[in-house]
């Protein structure tokens with residue numbers, strides 16, 4: 001087959017073993033809070049993870065992300081304190097019958113993971129008018145989340161666990177990390193080598209929630225319309 | 001090694017070939033607008049893609065997504081018309097010197113791709129208080145984007161191209177898809193088999209934007225602080 005357009009390359013399906021590797025990463029990735037070993041993350045490994053994140057799709061190729069690599073113990077102690085303040089407020093919001101289970105869950109590994117990473121979105125990146133953002137201003141935030149998920153899957157393949165901590169007052173993170181007003185902290189991640197992971201999502205194992213049946217979530221040609229026959 | 005906790009499984013790094021397969025998906029994934037072949041997507045393939053999406057991380061294991069599989073030609077013609085209306089408005093927002101290039105870019109394959117998929121976020125899923133959403137209400141939207149990226153990478157491995165179309169008035173999509181008020185259309189995707197893909201992001205090939213140097217995006221222990229030495 002000749003390629004009239006030199007910008008294009010052949011792109012058929014991967015081999016079965018390649019597909020299996022990708023699905024293995026997708027199905028065995030976990031949100032890690034407790035399994036981090038103290039072994040430092042090598043610079044070359046971190047570089048591969050950040051390169052994977054940087055190859056995420058971005059609206060108008062705007063690449064709105066920055067990567068704040070956080071190792072300073074004092075800084076991380078202050079961030080952990082901000083988490084604990086917010087988490088005490090969070091706990092109080094749950095019904096009394098769920099609160100003991102909530103309080104027993106470990107929801108972060110900020111100080112014990114060897115490395116933390118804050119992935120931010122610069123809302124000014126790409127200038128005032130960005131292709132694909134004209135009618136959907138949130139697309140830059142969504143692009144940044146795609147970078148998070150690329151990194152998360154690459155980390156799984158590298159034997160590195162990732163936990164996303166979202167229980168913060170955003171203002172606390174902004175202050176502690178010195179973020180300018182036009183930069184949003186999208187994801188606060190704890191990273192470290194892992195030797196074992198939960199077989200199922202930890203919140204399922206602990207009885208907090210269960211995976212929903214996929215068929216309940218699929219509609220055809222409009223909200224609420226069940227497909228004529230369930231997918232095989 | 002014995003596992004005291006039966007909920008845990010060994011989880012070291014993948015083999016080199018498995019890692020290479022994952023990175024191949026990450027680095028060769030493209031936002032596809034023009035390369036779709038008319039070949040229908042098999043039910044079993046679609047099922048694998050939706051299963052990959054459904055295994056994304058979600059805040060509090062809330063799984064806020066639904067998958068609207070859109071095949072009806074009449075519906076897709078109306079959605080394409082909504083795109084064209086919004087895109088005419090978008091074009092007018094760009095400076096005059098960029099407008100001819102903008103207008104020459106093909107930004108969607110709504111009617112020619114064999115299948116469209118709208119991935120939505122049900123903001124009521126998981127009840128009024130969701131673990132991890134108490135201080136970051138946008139986390140359910142971000143979880144839904146993680147599902148999009150899982151699907152996008154799985155599609156690449158299956159030889160299926162995906163294009164994310166974001167140039168719509170959200171109200172048009174809501175109306176055409178019959179979405180209730182508590183459901184947000186997060187991603188409108190065009191899917192189809194592809195035999196070739198752009199080697200680099202199409203917007204780079206076409207001269208719209210370029211990939212940024214990764215080192216410019218990495219900070220250490222706070223915004224704007226360059227690492228002591230660049231990552232290798």
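The values are calculated or read from the model by the stated rules, or taken from the named source; none is laboratory data. Note that the structure is a prediction, hence the values are computed from the model and not measured. Quick reminder, even Gly has a Cβ in these numbers, built from the backbone with ideal geometry, and neighbours come from all protein chains shown.
Brief remarks follow.
- Any hit, region B:104-126, residues being more than 7 Å from every other protein chain (Cβ to nearest Cβ), under 30 Å from residue A:89 (Cβ atoms) and either without any contact (Cβ under 8 Å) to a residue 60 or more places away in the chain or out of contact with any helix residue (DSSP H, G or I) (no Cβ under 9 Å at 6 or more places or on another chain) (or both): yes
- Search result, residues across region A:14-33 that are more than 17 Å from residue A:148 (Cα to Cα) and either at pLDDT below 95 or surrounded by fewer than 16 Cβ atoms within 10 Å (Cβ to Cβ) (or both): A:15, A:16, A:17, A:20
- Any chance residue B:140 is buried (at least 18 other Cβ atoms within 10 Å of the Cβ) and either more than 9 Å from chain A (Cβ to nearest Cβ) or at pLDDT 95 or above (or both): yes
- Some residue of region B:207-229 being over 30 Å from residue B:97 (Cβ atoms), touching a residue at least 24 places away in the same chain (Cβ under 8 Å) and facing chain A (nearest Cβ under 8 Å): no
- Condition met for residue A:145 (facing chain B (nearest Cβ under 7 Å) and within 30 Å of residue B:116 (Cβ to Cβ)): yes
- Region A:7-30, residues that are over 20 Å from residue B:152 (Cβ atoms) and either touching a residue at least 60 places away in the same chain (Cβ under 8 Å) or not in a helix (DSSP H, G or I) (or both): A:7, A:30
- Positions within region B:185-205 being at the interface with chain A (Cβ under 9 Å from one of its Cβ atoms), farther than 16 Å from residue B:166 by Cα and outside any helix (DSSP H, G or I), in sequence order: B:193, B:194, B:195, B:196, B:197, B:198, B:199, B:200, B:201
- Pairs are defined by a Cβ separation below 8 Å, a sequence spacing of at least 6 or placement on different chains, a first member in region A:65-80 that is without any contact (Cβ under 8 Å) to a residue 40 or more places away in the chain and on the phi < 0 side of the Ramachandran plot, and a second member that is in a loop (DSSP other than H, G, I, E, B) and surrounded by 17 or more Cβ atoms within 10 Å (Cβ to Cβ); the pairs so defined are A:72/B:221; A:80/A:108; A:80/A:110.
- Under the condition of being in contact (Cβ under 8 Å) with a residue 40 or more places away in the chain and out of contact with any strand residue (DSSP E or B) (no Cβ under 7 Å at 6 or more places or on another chain), the residues counted in region B:81-97 number 5.
- Elements of type helices (runs of 4 or more DSSP H) in region A:59-157, at least 2 residues being closer than 20 Å to residue A:40 by Cα: A:73-93, A:139-157
- Filtered residues of region A:35-70 (kept if facing another protein chain (nearest Cβ under 10 Å) and either at pLDDT below 95 or surrounded by fewer than 15 Cβ atoms within 10 Å (Cβ to Cβ) (or both)): A:42, A:43, A:44
- Within region B:155-173, the set of residues being within 9 Å of chain A (Cβ to nearest Cβ), out of contact with any helix residue (DSSP H, G or I) (no Cβ under 6 Å at 6 or more places or on another chain) and free of Cβ contacts under 8 Å to residues at least 60 places away in the same chain comprises B:159, B:170.
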